[in-house]
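Worksheet for the structure shown next.
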Amino acid sequence: MLGLSGIAAAYDQTFDFTSTAWQSTNWILNGNASWAYDIALSPTNRLRVTYNGASVNGTAWLQTQIMPTQSWTISCSGQFSFPQVTGADGMALILQTRGLDALPNGGEFNPTSGTGLGTDYLCFNLDSFQNVGSYTNSVGLFTRLGQQDTDLGNRLEGANFTFNLNASYVAATHVLEYTFQRSGYSDVTVTRTDFDMGLCFPSNQTAYVGFWAGTGADGENHDALSVTITGTTIPEPGTAVAAAVLVALGVRRLRRRS
């Protein structure tokens with residue numbers, strides 16, 4: 001789609017990967033991430049960001065980018081399963097500008113290690129190992145501006161469980177909100193009422209959405225079961241050219257009729 005100036009126009013788009021047979025070429029997988037068929041779990045089909053081995057990590061990125069400074073919503077479900085001991089180390093929902101090959105190394109989420117995520121990113125991290133110090137068994141918000149954690153106790157350790165992680169941003173009011181849900185526990189909701197996404201991402205920049213997971217000395221499966229993403233996108237160059245041709249033909253036909 002093109003605007004009147006001939007420049008590709010942004011538009012809202014929803015990506016819905018909620019089928020029990022989810023496996024899509026729309027995603028790029030890195031490291032140890034894979035499409036898994038696990039007969040010990042339900043649903044059997046899933047995006048396995050890491051398997052339950054020690055010192056493994058992986059990422060999965062949706063190929064179409066969204067504009068993080070515009071309004072967006074992301075809802076995902078996941079599962080941590082078959083921990084070797086207490087489980088390690090965690091999984092994250094991330095928006096980043098580094099690229100489709102972004103793969104932070106190591107167990108604990110660290111955006112500056114390995115190839116990292118570049119300088120512009122937003123990370124909702126689920127830390128599944130209770131460390132002593134700054135990292136806790138928690139849901140954490142990581143940006144280039146710093147880190148904010150909400151302690152979840154031990155609800156991410158040592159058991160097979162599914163969860164929901166929902167996040168949204170309202171550009172007009174600068175409200176960022178994210179909620180963690182697990183059966184048997186009360187929901188944990190964090191709301192930031194004055195969160196200017198422009199401080200994390202330059203204006204009109206696009207970002208990749210996806211998952212990271214890593215393990216340490218222990219290990220567990222970190223799986224994404226479904227995800228729905230709604231945000232503002234810009235058409236790929238080929239799509240924009242095709243749209244321009246259609247618009248030009250439409251204008252030409254209207255002129256002939258007049």
Among the residues listed as Ala217, Ala167, Ala213, the single one being assigned to a loop (DSSP other than H, G, I, E, B) and among the aliphatic types (A, V, I, L, M) | Ala217
How many residues, within region 24-37, are part of a loop (DSSP other than H, G, I, E, B), in contact (Cβ under 8 Å) with a residue 24 or more places away in the chain and surrounded by fewer than 18 Cβ atoms within 10 Å (Cβ to Cβ)?
-> 1
So, of the residues in region 177-194 that are closer than 16 Å to Ser75 by Cβ and either out of contact with any strand residue (DSSP E or B) (no Cβ under 6 Å at 6 or more places or on another chain) or touching a residue at least 24 places away in the same chain (Cβ under 8 Å) (or both), which turns out to be surrounded by the most Cβ atoms within 10 Å (Cβ to Cβ)?
-> Phe180
Within region 195-229, which residues are among the charged types (D, E, K, R) and buried (at least 22 other Cβ atoms within 10 Å of the Cβ)?
-> Glu220, Asp223
Quick one: what pairs do we get from region 67-93, first residue within 20 Å of Phe109 (Cβ to Cβ) and small (Gly, Ala, Ser), second at pLDDT below 90 and assigned to a strand (DSSP E or B), C-beta under 6 Å, 6+ apart or different chains?
-> Gly90/Asp127
Would you point out the residue of region 128-161, among those that are surrounded by 14 or more Cβ atoms within 10 Å (Cβ to Cβ), under 30 Å from Gln70 (Cβ atoms) and polar (S, T, N, Q), that is modelled with the lowest pLDDT?
-> Gln147
Might you let me know whether region 51-63 holds any residue that is under 30 Å from Thr232 (Cα atoms) and not in a strand (DSSP E or B)?
-> yes
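The values are calculated or read from the model by the stated rules, or taken from the named source; none is laboratory data. Bear in mind that the values here come from a model prediction, so they are computed numbers and not experimental data. When we count neighbours, we look across all protein chains shown, and the Cβ atoms used for this are built from the backbone with ideal geometry, even at glycine.
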